[in-house]
Structure formats: C-alpha cells, structure tokens
Amino acid sequence: MFTNTKAFGGFSVDDLHNAKIFYREVLGMEVEKLPMGLLALKIPGGSQIMIYPKTNHEPATYTVLNFPVKDVEKTVDALIEKGIVFEQYVEPIKTDEKGICRGAGPLVAWFKDPAGNILSVVQEL
C-alpha cells in the first residue's frame, strides 16, 4: 500500500518564528514556510520534515531529529561556537564533558532546539 509513498515526519514547537531562525540561521538548513502556519525543513534527497505550532506544546522526551555527520567532534565544536549547549547524560547513557557519547556504537551528541525538542548529531557509519 505504501511502497511508493514519500512519507515524512513532523514535530511541534511553541514558537514558529524562533524555530525558523534556529533551523535556518543556527543549523544552516533550508526552511520553507508553508500554508496554514507550517514550516518544512528541506532534507537533501527530496524529503522534508514538518514543524507545526502548538499552543500547548510539550518538548519531546526522545530524539526527534538526527543529523548524520562525518565528524561529530568538529560538528560539536562548531555548534558550541554558535551557542548550542549539549546535553549531559550519566545513566544509562554516559556523555563526556562536551556532551559526546563514546559508547559501543557511533559517536553521538544531543542538544535541544528552542522549543526543547531533542536533536542529535551522530557519526556517519
């Protein structure tokens, strides 16, 4: 039934204007304003992620968006320079002083958008 469907995901924010600035200016993504007060994050390859305003928004308690990168260390450093604060976890996931998890899997570091949603940068495999 969905073999040829281009599925897409989405998540809510409490302030669409702040989200637009963050994703466009801080993260450098292509952001498109859509009808009905929606934003679309344009992902290479033709995919998109919808961002919608929600008056009773509560930040997701899980990672809503992962960014595969070639070098997590360099990406974390560059984002810190832009004012991003990386999450610090102790258990069950342990991160170092920069916020990078150096466990058995790929390097990964988590941070939040202005609405409190959790995002990550993860080492490309």
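The values are calculated or read from the model by the stated rules, or taken from the named source; none is laboratory data. Bear in mind that the values here come from a model prediction, so they are computed numbers and not experimental data. Here the Cβ positions follow ideal geometry from the backbone for every residue, glycine too, while neighbour counts run over all protein chains shown. With ligands, DNA and RNA removed, areas are computed over all heavy atoms of the protein, side chains included. Shrake-Rupley method; radii C 1.70, N 1.55, O 1.52, S 1.80 Å.
Some points to look at:
- Close Cβ contacts (under 8 Å, 6 or more residues apart or on different chains) running from residues in segment 94-120 that are farther than 29 Å from residue 54 by Cβ to residues that are hydrophobic (A, V, I, L, M, F, W, C) and in a loop (DSSP other than H, G, I, E, B) comprise 100/107; 101/93; 101/107; 103/93; 106/125.
- Among the residues of segment 76-91, the one identified as in contact with a Lys or Arg (Cβ under 7 Å, 6 or more places away or on another chain) and among the β-branched types (Val, Ile, Thr) is 76.
- Evaluated against (1) at pLDDT below 95; (2) surrounded by 16 or more Cβ atoms within 10 Å (Cβ to Cβ), residue 102 falls short on exactly one condition, (2).
- Test: residue in segment 9-20 that is at pLDDT below 95 and open to solvent by 30 Å² or more (accessible area, probe 1.4 Å): yes
- Odd one out for residue 83, checked against (1) assigned to a loop (DSSP other than H, G, I, E, B); (2) surrounded by 12 or more Cβ atoms within 10 Å (Cβ to Cβ); (3) of a type outside the set (Phe, Trp, Tyr): (2)
- Boolean, residue 42 is within 21 Å of residue 109 (Cβ to Cβ), open to solvent by 60 Å² or more (accessible area, probe 1.4 Å) and among the charged types (D, E, K, R): no
- Residues of segment 34-49 that turn out to be free of Cβ contacts under 8 Å to residues at least 24 places away in the same chain and more than 19 Å from residue 17 (Cα to Cα), as a count: 3
- Hits in segment 21-39 (condition: at negative phi and open to solvent by 60 Å² or more (accessible area, probe 1.4 Å)): 21, 24, 25, 30, 32, 33, 35
- Yes/no for residue 113 being surrounded by 17 or more Cβ atoms within 10 Å (Cβ to Cβ), of a type in the set (D, E, K, R) and under 15 Å from residue 27 (Cα atoms): yes
- Residue count for segment 59-76, restricted to those that are open to solvent by 60 Å² or more (accessible area, probe 1.4 Å), in contact (Cβ under 8 Å) with a residue 12 or more places away in the chain and not in a strand (DSSP E or B): 4
- Matching option when the condition is open to solvent by 80 Å² or more (accessible area, probe 1.4 Å) and either without any contact (Cβ under 8 Å) to a residue 60 or more places away in the chain or not in a strand (DSSP E or B) (or both), among 52, 89: 52
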